[in-house]
Structure formats: C-alpha cells, structure tokens
Number of protein chains: 2
Amino acid sequence: MNDENLWCLKENGYQAGLHKHYEGLFTQGNGYMHVRGSFEEGCSDAPQDEEYLRFPDNVTLEKPRHPKSKQGTFIPGIVGQHPLLKEEIINLPYVLGLEFRLAGETLDMDRCRISGYRRWLDLRDGSLQRSFIWETAEGMQLQCTYSRYISMADTHLCIQRVQVAVLAGEGRLEVKTTLRADVRTNGMNHFARIVPSAETVGSLSLETLTEEGNQIFMLSALEVSEVMNWQADNTRTTAALRGECSLQTGDRLTVSKLTAVTTDRDMEEGTVRSRACTQLSRARDLGWEQLYNRHADSWKSKWQEADIRIKGDDMAQLSVRASLYHLIRSNREQDARVAICAKGYAGEAYFGRYFWDTEINLLPFFLHTNPQAARNLLLFRYNTLDGARRNARNYGYRGARYAWESSLSGEEQCANWQYADHEIHITADIVYALCHYVRATGDNEFLERYGIDILVETARYWCDRVDWNREGVGELLGVMGPDEYLPFTRNNAFTNRMVKFSLEQTVACMDNLEGGNPDGYAAAAERLDIRPGERELFRHTAEKLRLPYDSQTEIVPQSDDFASYADVDFASLWTDRSRPFGHFISQERNYRSKALKQADVLELMLLFPQEFTREQLKAAYAYYEPITTHDSSLSAAVHGIVASWLNQKEAAADFLQRVMAIDLSLEKKGAAEGIHIANCGGLWQLIVYGFAGLTSAMWSETLQLQPRLPEGWEELSFRIAWRGERYRITVNPGAYEVHKLKGGNAIAGTAI
Amino acid sequence: MNDENLWCLKENGYQAGLHKHYEGLFTQGNGYMHVRGSFEEGCSDAPQDEEYLRFPDNVTLEKPRHPKSKQGTFIPGIVGQHPLLKEEIINLPYVLGLEFRLAGETLDMDRCRISGYRRWLDLRDGSLQRSFIWETAEGMQLQCTYSRYISMADTHLCIQRVQVAVLAGEGRLEVKTTLRADVRTNGMNHFARIVPSAETVGSLSLETLTEEGNQIFMLSALEVSEVMNWQADNTRTTAALRGECSLQTGDRLTVSKLTAVTTDRDMEEGTVRSRACTQLSRARDLGWEQLYNRHADSWKSKWQEADIRIKGDDMAQLSVRASLYHLIRSNREQDARVAICAKGYAGEAYFGRYFWDTEINLLPFFLHTNPQAARNLLLFRYNTLDGARRNARNYGYRGARYAWESSLSGEEQCANWQYADHEIHITADIVYALCHYVRATGDNEFLERYGIDILVETARYWCDRVDWNREGVGELLGVMGPDEYLPFTRNNAFTNRMVKFSLEQTVACMDNLEGGNPDGYAAAAERLDIRPGERELFRHTAEKLRLPYDSQTEIVPQSDDFASYADVDFASLWTDRSRPFGHFISQERNYRSKALKQADVLELMLLFPQEFTREQLKAAYAYYEPITTHDSSLSAAVHGIVASWLNQKEAAADFLQRVMAIDLSLEKKGAAEGIHIANCGGLWQLIVYGFAGLTSAMWSETLQLQPRLPEGWEELSFRIAWRGERYRITVNPGAYEVHKLKGGNAIAGTAI
C-alpha cells in the first residue's frame, strides 16, 4: 500500500446522499477558522438560507435538517443568540464561492453529466482536492481540478485554485466568484448588516456585522490565466464578480482565489479591513509556493509530535490519522478565550459549545503531544470562572459551577434542563483535568496562579450541593452521571468519586501552597476570601461523601438506586441495531430502565484505575457492557480500553472498529453534522492507554507501558511528551521500546 | 348585611394594578362562550396584539406577560397551534368594543378624571355593572353606567347597554362601537382571514377564519336613544361604526349593543352568518326584557341546584358563590366535544386544555348538582379515547394513555416533558371519576356502553407500563404523583393505589357485564378485541402492584424512595411566604428535596378514606403538612378537608381562608390569569366533604354526613343529587337535617 492510502481520505464517485457526510469529514481549518468540505459551487437544490425555528431536543436523537448539504464557515468566538437554543457559533458567510456556467448550463454535481469524480483530503497538509470531467449538454468536455487549503501558518488565509482543461469542444465559460452571506445558522439569521463589494480588477470583499456587534471581513483577490473582464454582480447579501472567456480544445484556464478573513475579535491591532489588506498583500508578496511551504511546514511539525504509526492495519492507520487531523485542526493555540467545541467546529448542530469532552476525552491527547494546547484549554476554564460563578449563583449556590454546555463566558447554554441541571460532574471533570495537566507537565505554577481559584470555588459549590443524610453521610442526589439515560439518580458512583477527588485536591493544594509558598497562599486567601474553617469543610465533605459499592457482588453500582431501575428486554425492543437504541424507546421508559447510553462506571475505572482490582474491573465490564447501548459516541473508546486492559482482544478489536466507524462510516454518514471530536480523542486514548497500555500521568510519575497490540498489528509507534521530556514509543508484538528524544536514553520492556 | 353583599363581587374604585385580576374574576360566560371582564373601551396603553414567542415554562412559576390588561374571548373548541406550546384555545375577536370620545378626549379609566367608580358582578344572573362619573378636561360631567351579560338561555348572545347621563356641561359625544380582531393568543396570531363590515343602519359584523379553518362570525345590532349618523370606520382587523350626538346637562343617552356569535363548530344547522342573523332577529323579536328574563330564569334554576348557603360567615358565603358561579359558567351542557379547562375559560395562560382537575376536583360538584354535566365530562373522555390510544402508541404501549394536558382530540399537549411523560395518574383518575359517576348516579348503562372501553384500554396501558421486579412485584417507576415537585419517584403511593383501583374496576366491570349481560359483554369483547387471558393479566397486575406503606411509622410514604430525598430548611430558604416556595429554590434542588408542591398522600386518603385509620390520617397530616408548600392551587382544599376530618378546626378554617384567597385575593391578584377552577371545585368539596362531612358516593350507597362546622357558622345548607334523588341538607352547629325533595322523607342526625 502506498503512502497516499495511509494519509488520504478519499471519495470515489459522487453520491448526493453522502455529500453532507463528506462536508463534515473534509472540514478544513487551522484553529482560527474552519470551513466544511462543501463544493465551491454549492448544490443548486440545497439553499443555505432556509429560515426556521429549531427547537430544543435531544441532539442524539434529533432528526437533522438539511438532508443534502450544509455549508459551514466557523470562527471560534463569533457567536450569536438563538431565542430557544441560546448562544450558538455563527455560520459565517461562505468564502469559497466559485461557479462555472457554460452555454446556459451551470456546473452542478447532481444535475450535470460528471465522470471520473474523485475527491480526497490529504491529511498531511489538510489540502482538499477534487477532479472530474464535465461533459456539457452541448458535448463540450472539461477536466476540472480543484485544490484548496486553509493556511496553518498564516491563519487568516484561505487559498483556492481551480484548473479547467478543455478535452473537447469549444465555448464561452462564465466564471463567477462569490462571498455569500445568504447563510443561516440553525435557521437563524445572525447578520445585522452586510456590505458586499466587488472591484473589477479582481477583488471582492464582504463586510458583515453580526447582531451581537462582531465584524467579520472577507477580502478575496482573484488571479486568472485568461482575460476575464470581471463585472461586479453583487446582491444585497453577496459580493460577486462575473467574467467569461472563450475556451477550446487544449486550452487550460486557472482561477486562483486568495481570501483573507479577519474579525474584530482577532488579537492583532488595526481595523478588520486594514488587517485583511495587509494579510493579502503579504501573501501575494510571498507567492503561492512559499505560502504553501509555510503551511505545509506547519502541518509537518504538528504531525511530528502527534502522529501515530501503525504497521499491519492500514484502515486503523488512516482512521487514527483522520482523528488526529481533526484534533490538530480544531485546536486554537495561544487563544484561551475559546476551547474546542463538541463537533470540532465542523458543524452547527451542537452550537459550537464546550462540554466535558474537552477535559475527559481531548485533554490527554494534547497533554502528551502539545502541552501548551492543554494549558490553553485549562486556561479557558480559568477565564470562564466568572461565568461558572454566575451559574452557581443562578442555582442558589456559592462558588463556581461549570456549565454543562459552556458559552464563551462560561454561562450555561444547555436548553434541555435535565442535562443543564443534573449532569453536574462537569465541574469535577475540570478539576480532574487540571490536576492531570499539572501532574503530566509538572507546571505547578499554573496550579498556584490559576488552578487554586478553580479548586476553591468549585469546592464551595460542592459543599453547597451535597445533602447530608441523617447518618451524617454526604450525598449527591438528583444526579445525571456520564450515562445520560438515567438523569435523576442517587449518588452516581462516577460523580461522587470525582467530587471527592476534587475536594481532596483542593485541600491538598491549599495545604501545599500554604506550606511551600506562604505568601502565595496569603494572596490566594485574600483574593478568594477564604474563610476560617472552609478548608476543614472541604476536607470533611471529601471524607464523608458516599462512594457506592456493593461488597457482596463486587460490583460498583452506577448509583445507589441503580438496582431499582427496570430491566430491559433489548432483543424485543431494539430491532435494528444500526440505529440508536434511543429511537426504539420513549424517553419516559428509557429514564427508568437499565439501558445505559454510555460508559459510566467504566469511565470511573478508567480515570481511577489504581483504585479497582482486576476482578472489579472484570465484573464491571461483564455487568455493564451488555446493558450499554453506546448511543453516545463517547462510549466505544472507553469500552475498548477496558476490554484491552482485560485482554479481551476480540472485544477490544470490535470496539476499535466502532470507534473508527463513528466519523468514517458511510452507512451512518457519521460526519454529516460535524466531527465527533471526543471520539477522536477517544481513539488516541484507546491506542495509547489501551493498546500501548500507558499508565495515566495522573497516577504514575514514570512513563509505564503494558502493551496489548490488536491481532495483526506489527508495530505501533508514537511520541509522548511526559513531564517536560519527549519520548518515542515503539511497540511490537511481544516487545516495546521507549526512546527518550533529544539525548534521552532508550528503555525497553516486554509486552504481555 | 343585605342580599347584595352575599351575591355581588365588587370593585370599589379603580386601580390599574388590579385591573387584570378583575378581568379574570369578572369573566362572564355560559358554557358556549366566555368573555373576560375587560372594559368596553379597553385600556389605551395595553394593546392586545403584541406578538411574541411564549416559551414552554413552569406555569406556576412563569412570570406572565400583559401586566395591566388581557382581554379574552373564548369559545371552547376553537383552537389553534402554537409552534412551541402546541394546541391552544384561541383568544377570539373582542365583541364588547364601545368607546366614547368628547372634545378630543377619549374615555380611559387611567387617563381621564374618573370619580365614583364602582363595578360589580352580580352572581345571581352573571351580569356585570359599572358606573362612574367622567369629568372631562373641559369640565363636562357625565354619569356613565354600563351593564352587560352573556345569555345563559340564548347562548350565542352577548347583551350590552350603556347609559350616559350629563350632569353638567355640553358637547358632542362621539361613540364608536367595534368588533376587533387585533387580538393575539399568547403572542400568536391565529387568524388567517378577517372580514370586517359595518352598515350605517347600526349593524356590524366580523367574519374570522382561523388558520385551522374554523369560522367565527360576530354580528352586532346597535340601538341608540339619539340619532347618531353612524359612519363605517373599519380597519383591516376591526369592524367599527362611529357616530356622534350633542348632549347637554340633563340629557341621557342609551347605547345598546346586541351581538350574536356563531362558529362552524356549533351543532345547529346553517351557515355561521344565517344562524347569527336568526339569533339576532329572534332576540329583537323577544325584546330586551324577555331576553333578560329568559337568561335570569336559566341562572335561577342553576342556582337552585348548586347554591350553598352559609349563615354566620358572609365572606365565605360570597366566596363560595363566586366559585359556584364560575363552575356553572364554565360548564357546557350537552356538548361532550369539550370539557372544562383549567382556567375556567377565563384566561389563555393554560391554553384552554383539560387536566386531571376535571375528574378529581370538578366532578364531585357536578355529580351532586348536575349529573348530566358530570356525564358529559366523562363522555368527553370517551370521545377522546382514540387520542389516548395514540398517546399510548407514541410512548410504545398498548391501550390508552390519557394526556396530562389534553387537546380536543385527547392527544398530549403538555410542552414540558416531565409532566407529560411522568404524571401518569391522570389515566387512572379518569377511571376513578368514571366509577364515581356510576356509583353516584347508578347510570350503569353508561358504564356498559362507554365506560368499559375506557376501562379495558387503560388497563392494557397499565399492564405495559408496570415493571416487574425480581420478586414478582409490580412497580411503577419514574412517576410524578400529584406532587409535581418530585417528578421521578418509585411507586408513588397515590398513583399505585389509583392504578390498582383502576385495574380492579376493569376486572369487576368485565365480570359483572359477562354475568349480567352476556350479549353486551360479547359485543364489547369483539369491539375491544379482548384476548383470552387479558382479564387475568389485569387481575394479576392489580393484585401484585406494590402499595407503599411503612408499618413501623404508620406513615404512607409518598413514594418508595421518598425517604431518600433531602430535608429542606424552609425557614432559611423561604423568606417571603407571600410568594410561592418555587421562587426561592432552583428546580434542580426542588426536584431532590422533600418540599411538596401540593397534597399527594392526603389526596390519596381523601379518595380512599375507608382504607385508612384515623391514626394513619393524623400521622400523614402531621408528617406532610409541614413540608407542603401549597404552591399548587389544588392543595389547600385537600388539606382543609383532612384538617376538618381530624377536627383541627383552626387549621381547617385557615385552609378555608387560603382556598377563598386563591381567586379573590387582591394582594396576589389571584384571578389575573384566569380562574383556578379546580380550587372552585375544591371549595365545594371542602364544604360538602369537609364541613358537612358527606361520605363520598364512591364508598357509600346511602347519604351519610358527619358535619363539623367552622366556628361562627350558624347554618350551612345545600342540595345534593344522590343516586337519582335530590336532597336538601341543612347543617347547624350540633345538628343536621337531610330533606328528600319531591316527596322525600326528612332524616335527621347529630353532628359531632
């Protein structure tokens, strides 16, 4: 198999029914901006400006709109308000517009006679290519080749090039390039003002003001290999230039479009317009080749740290790279005003919000490949601490309560109250991630400067949130754990353990800081208004908080009341396993049944592996796996890791397949609404924690491995950043090697 | 105290802040149509056509719109669709419009100089009177006197009359009469077409087509004592006639407006227009006096059956009559396509839907004062059985599941899933009411013809809804009982007992019918496709369904998991008892706390009094009363009855005050959003079941009383229909008398 097959996601032949899936899968971006993999010319029967009122619903089970195509242009941080769904990332004007028309026939993948259609996303440099032959009704044949990328080095730039080679016939080709603001986000118009402009020298601009007051400026410069006689063809919402040229057999037309995108939220100085102009002129000075080289070099250096190499399983190789690609793309370095949204900025379905996925599913990847990015993700939570304080106050509590679905400011955005109100573990998940970061990097300064505020404020919330029963035991009632199919449980094992950990870490941090840096502690105590007795309250609550466990069966019950839920006869209910179980049962029934949406106790055991014996892990897996529906994309990877730890190789391999299918499956059109970015992080964890058997940096100072490669894998290798050092790890069946980079020593061991 | 004080609800002096309350309290109607007690001229600063999107919310805690005035014109059965809130009764065009203008000054209660303002609703005939003196800026003084009623005899007619007497000054008075369709329902426009028309002979009409396709036709005829030279002054949405006349000191102008309202849902033949014309011409033939006499006679005969007389407590006397007035007004006789909505058709806040209140709170009053009306209410449930079947199917169950908030067709309309999904007792409540009706009336034919379908179909649903635990005990999990502050409980004592009763009654009905009327049973079995073994399943489920009880404490727990909820420190949380507790606690916390919204176990004991000892009742009252917030208007009456049964006279009197305050309190503006019609029924029950101590017809074949009059009550008397007979009951302190009407014998006893 050649290298391309291990690096390129391919679409061979166009199928309208799969288009939306590929739009998501082929999303390009650089952290600053993201554009779904739509066609430059769009789809003529899929308008992007349909207005409707999307209602709050269960996003897992909701039937999405836009069956065929939904374009997407997202800049993290540019958001608007939806009357029902609250804050949502705005789907911005479409930058890619480039349309062809020949003798009255508009190029359209569905309506025209197209042959030899191929499209592929090259994961190495994130470039998207498309080629096909267009045979017009009048018999003219054109070979069309598209290429585009969003620069990883010059993050405001979007670069496109199209080549049209005439294979047969002659005619006048009309070219129309656009910047289009006829775009709605979940049916809403967020644009208050649109100013399109087109200069016949070959330049387009679109200035957009959102209802929230943000400015977005798009400036395109066109280069064509033929004289086009550009004519402005603007509408109220679209900047457009239209031109045409005569072509005949053997002719070759190249159209290049270079677009700079700026907003008033950018951290650079100057107006949006002046910065876009500067970007564009600098790009033109650099020239196309150097522009590309800077971009490709940037990707290369990212891949050097992040890549995972698998020999012996090409599908897994390509799949893991697809996941890593989207993880790398989604991360915005150096800007902790935003984090990574649940759909990896590849769709509007989840509103561009931040969930617990960030801390639990994504963070480990960044911790060990790009610690600076991990730091930024935690800094985002520090930056939104005031929002979390407001959330706590809104619920009547002291301290800080992180939002189940966080806005930019940290305030709760989830429109479904059962999640917003009851899925409280997010607040402890953030503390877990904070501690994980500190332990994996040794960045104690972060803990002392920022972390302690998060620790103390969330500890205050927990002390208010705990109920004390008549035996003096602390309880968390009315809790939805990670398993979202049981929303109102008593003492969810996962949540209670995480909260206990969170309180313990708060006390330890206060103890350590006071002992090691009394001035630092005094400053924190003043800043946070720490009262006498607070630390004792945290300690007491941590000590007395109940941890559900059934010593008789050795099962950790998902919650204290878990046994009282109804058994489910899956065989009779779930008649089509290709669809989520949730489609076959009413929410009412689901909420009282032992049918788990996703891993819950297993997730607990993954995060606290040292606290459970192999027997307990085995018992939990045997008990919970058969009643888990995996309706959540967060479930399969966790199960895969546990199966791997239990050396259940067949099950682990099966979960690996499920994990890979979540975004890649054509049958499920997995990426249609965006990328399941948590699952991308989950795949990294399945390979690193599961197959390579890395002990979490939370629980081990030294890098420890216990590899269990899937059948057929000949070699697995990747890099790991570990407490300030970098290592290359190579695992082969029966053996592994850890090579410290930059003068490090190789250590070796034997896999089980 | 004179008779008027015992029969008239009065407003002395106008206060803008109380206007909306009086609009609700002074609602007039006749079952066919209902009009809120708004001013004929409206309020100039309270437009009725504000458009907005009302969101699903907790109606108890929601902050209502329209602080000052919301007109309301409702015809049960004329409904529209709201995009978020589903089916809602449409607020129809305003029929009452009558405006005055004098020398550029428009009459407005807020903006003009008004003195001697009085308004009163005469409960005897449901007529609303208003009088005041209007002193214009130019110094003219006019004594204005308004009177109006909606005919109880000729139900399509609305009759208005205004007299203007000039006390001082002279000028030209402009009179404008209107039919206005610039009306929105909860912010929505439901009118697809509006055709206003005005004839200068003094006639107005407004034809309205709703988006659902219903036609509403309003036709007004005007009579004036002066020549007015009417001019049409229509707008797109309003039919209007404008005229004027000169007036001077001593002059007296009378304007009469007689309006016929018809719809395409009426059961009479002919077009809406032809029927309105017929109604109107017949009314004019009858003349104003005879028209009024027919109306007044109709009210008189209703009062004869329904009135409760209290000597020694004038406030209670007036208050109970206000409740009885709204109960009588809300009931539409002879039309079982509709029932009585939760706000007694006196406001749009609850969308005109049907809740469990009908069966549990209203039915007893109708059973014993107007059995035909009770029958109609049950027939409505029979008529909507298909909707209930669809509800069951939507949730994945067999049989029929009545809607928590029923549409006209019986389908679920509740936009808040926790109620719709989990407050399932409604389905059993309907069966309880059905049995109550049959026992109180002896109408077995109803049971055999209609009731059995309800019984069998709901029994099927229950058998699917029950979960079986590993000990073979039937359980109802994930249940919200009457107490809506604990939505997801295990085995709610009220619900489980009601379901068990429902299943038992189904089996008994099948047994009896098969034994007594084999042909009837065979027909039902075929119609309902009763399978072999089904009856055994019903019987088995009834037998094995768990009934929570704690034999140690003798407390009936509200649910099996009740003890596991958190105790609430009410003193620290509920700092202002004049506002609902729900305003002081987040829903999240409320849902895990022992803070009851309303009676739950006490309601159970009220419905099954023979199953609980006095000690158990006492223990339940002592346990639950202190933790019940009475945030629901359904709670106080139940508590009052139980307090009365326990001879806790002070508490009973206190609950009587609360019950009376619910609609009448000026402080709480109780009636602003409509009448708490369930509480009206509750007041009847408090007096009849509580103070008179009537044993429910469900549990006694003979009429039994155990009176316990409140302090100061010298005499309580009322009529009771009982198994086909009618009785007059008179209770005095220490004695009571039951007098059988129409040749019945008096029986006497001694009160405790």
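The values are calculated or read from the model by the stated rules, or taken from the named source; none is laboratory data. Model, not experiment: these values are computed from the prediction. Every residue, glycine as well, gets a Cβ built from its backbone with ideal geometry; the counts of neighbours run over all protein chains shown. Each accessible area value is taken on the protein alone, full model and side chains, heavy atoms only, with ligands, DNA and RNA left out. Shrake-Rupley method; radii C 1.70, N 1.55, O 1.52, S 1.80 Å.
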Förster radius 35 Å - calculated FRET efficiency between A:Ala508 and A:Ala661 (Cβ-Cβ, nearest 0.05): 0.25
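Over all residues in A:475-488, what is the mean tally of Cβ atoms on other chains that come within 10 Å of each residue's Cβ? Kindly include the intermediate steps, with their values, before the conclusion.
Working: counts 3, 1, 7, 12, 2, 0, 0, 0, 0, 0, 0, 2, 3, 9.
Counting Cβ atoms of other protein chains within 10 Å of each residue's Cβ and averaging gives 3.
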Segment B:621-655 and segment A:598-614: distance between their alpha carbon centers, rounded to Å: 49
Summed side-chain charge close to A:Glu504 - residues other than A:Glu504 whose Cβ falls under 13 Å, Lys, Arg +1, Asp, Glu -1: +2
Sequence ranges A:538-548, A:212-222, A:522-532, ranked by mean other-Cβ count within 10 angstrom, highest first: A:212-222, A:538-548, A:522-532
Nitroxide proxy distance, nm - points 7 Å out along Cα→Cβ at B:Ile627 and B:Asp251: 7.1
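Computed over the Cα atoms of chain A, what is the ratio Rg over Rh, Rh following Kirkwood?
Over the Cα atoms of chain A, Rg/Rh equals 0.98.
Rank by packing, highest mean first: peptides A:281-287, A:160-166, with packing defined as the count of other Cβ atoms within 10 Å averaged across residues. Could you put the intermediate results ahead of the total?
Numbers: A:281-287: 13.7, A:160-166: 19.9.
Taking the mean over residues of other Cβ atoms within 10 Å, the ranking is A:160-166, A:281-287.
For A:Asn647 and A:Ser700, compute 0.36 nm times the residue count separating them, minus their Cα-Cα distance, and round to one decimal in nm.
Once the chain is fully extended between A:Asn647 and A:Ser700, it gains 16.9 nm.
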Calculated label separations, A:Gln616, copies of the chain, 7 Å along the beta-carbon direction, nm: 4.4
Spatial separation of Cα centroids for segment B:99-134 and segment A:124-148, in angstrom: 78
Whole-angstrom gap from segment B:1-27 to segment B:277-356, using each part's C-alpha centre: 17
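Taking 35 Å as R0, compute the FRET efficiency from the Cβ-Cβ separation of B:Ser586 and B:Lys668 and round it to 0.05. Write out the running numbers ahead of the final one.
On the way: r = 23 Å, r/R0 = 0.65.
With a Förster radius of 35 Å, E is 0.95.
Over segment A:308-740, what relative contact order in percent results from Cα pairs under 8 Å that are six or more residues apart?
Numbers: 786 pairs, mean separation 79.8, N = 433.
Value for segment A:308-740: 18 percent.
First select every other residue whose beta carbon is under 15 angstrom from the beta carbon of B:Ala595; then total the charges, Lys and Arg +1, Asp and Glu -1. Before the final figure, lay out each step's value.
Values: positive: B:Arg577, B:Arg579, B:Arg589, B:Arg592, B:Lys594, B:Lys597; negative: A:Asp467, B:Asp483, B:Glu484, B:Asp567, B:Asp569, B:Glu588, B:Asp600, B:Glu625, B:Asp631.
Counting the neighbours of B:Ala595, the net charge comes to -3.
Chains A and B: what accessible area do they bury, summed, in square angstrom to the nearest 100, with a 1.4 Å probe?
Numbers: alone 27760 and 27730 Å², together 52930 Å².
By this definition, chains A and B bury close to 2600 Å².
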Helical contribution to [θ] at 222 nm, DSSP H n ≥ 4, -39,500 (n - 2.57), averaged over chain A, rounded to 500: -10000 deg cm²/dmol
Per-residue mean of C-beta atoms belonging to partner chains within 10 Å, peptide A:390-397: 2
Stretch gain in nm, segment A:Val201-A:Ser115, where the contour uses 0.36 nm per residue and the Cα spacing is subtracted: 27.6 nm
Residue-count net charge about B:Met228 - beta-carbon cut-off 12 Å; Lys, Arg +1, Asp, Glu -1: -1
Anisotropy class of segment B:99-191 from Cα gyration tensor, a/c 1.5 cut: oblate
Mean accessible surface per residue for segment A:73-169, computed with a 1.4 Å probe while every protein chain stays in place, in Å²: 28
P(r), alpha carbons of segment B:429-571 - 10 Å bins starting at zero, rounded %: 11, 36, 29, 16, 6, 1, 0
10 Å-binned pair-distance histogram of segment A:3-306 (Cα, whole percent): 6, 27, 36, 25, 7, 0
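Let me confirm one metric for peptide A:583-589, namely the mean number of other chain beta-carbon atoms within 10 Å of its residues' beta-carbons. Present the calculation step by step, with values, prior to reporting the outcome.
Details: counts 0, 1, 2, 6, 4, 13, 9.
Mean inter-chain Cβ contacts per residue within 10 Å come to 5.
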Percent carbon-and-sulfur accessible area, chain B, ignoring ligands, DNA and RNA, probe 1.4 Å: 45
In nm, spacing of pseudo-spin labels at A:Glu211 and B:Ser274 (7 Å Cα→C-beta vector): 5.0
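Quick one: work out Rg over Rh on the C-alpha atoms of segment A:308-740, Rh as Kirkwood radius. All intermediate terms of the calculation are to be shown ahead of the outcome.
Details: Rg = 20.8 Å, Rh = 22.0 Å.
Ratio of gyration radius to Kirkwood radius: 0.95.
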Kirkwood Rh, angstrom, the protein assembly as shown [1 / mean 1/r, Cα pairs]: 36.5
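Step through the table entries B:Lys20/B:Lys302; A:Lys594/A:Lys668; A:Lys618/A:Lys668; B:Lys544/B:Lys597; B:Lys594/B:Lys649; B:Lys597/B:Lys618, compare each Cα-Cα distance with 23 Å, and write down the pairs that go over it. Kindly include the intermediate steps, with their values, before the conclusion.
Working: B:Lys20/B:Lys302 28 Å; A:Lys594/A:Lys668 26 Å; A:Lys618/A:Lys668 31 Å; B:Lys544/B:Lys597 29 Å; B:Lys594/B:Lys649 26 Å; B:Lys597/B:Lys618 20 Å.
The pairs that break the limit, which is 23 Å between Cα atoms, are B:Lys20/B:Lys302; A:Lys594/A:Lys668; A:Lys618/A:Lys668; B:Lys544/B:Lys597; B:Lys594/B:Lys649.
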Rule-of-thumb Rg ratio for segment A:142-227 [Cα; 2.2 N^0.38 Å; N residues]: 1.37
Chain B Cβ-axis minimum, rotational copy A, residue and distance in Å: B:Phe488, 2
Relative contact order computed over chain B (Cα-Cα under 8 Å; 6+ residues apart), in percent: 12
Options B:Asn5, B:Leu206, B:Phe191, ranked by Cα towards positive dipole end of segment B:3-302, top entry (Cβ charges): B:Asn5
Evaluated at q = 0.09, 0.11, 0.14, 0.15 Å⁻¹: base-10 log I(q)/I(0), Debye formula over Cα of segment A:254-405: -0.42, -0.62, -0.93, -1.03
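Can you pull a Stokes-Einstein diffusion coefficient for segment A:1-142 at 25 °C (0.890 mPa s), Rh from Kirkwood over Cα pairs, as a whole number of µm²/s? Present the calculation step by step, with values, prior to reporting the outcome.
Values: Rh = 17.2 Å.
Estimated diffusion coefficient is 143 µm²/s.
At R0 = 41 Å, how high is the FRET efficiency between B:Leu573 and B:Arg470 if r is their beta carbon distance? Nearest 0.05 is fine. Can you show the working numbers first?
Numbers: r = 39 Å, r/R0 = 0.96.
According to the calculation, E is roughly 0.55.
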Heavy atoms of A:Glu554 accessible to a 1.4 Å probe, total area in Å² rounded to 10: 80
Alpha-carbon Rg with Dmax, taken over segment B:122-170, Å: 14.4, 44
Solvent accessible area, Å² - B:Glu471, 1.4 Å probe, full protein context: 140
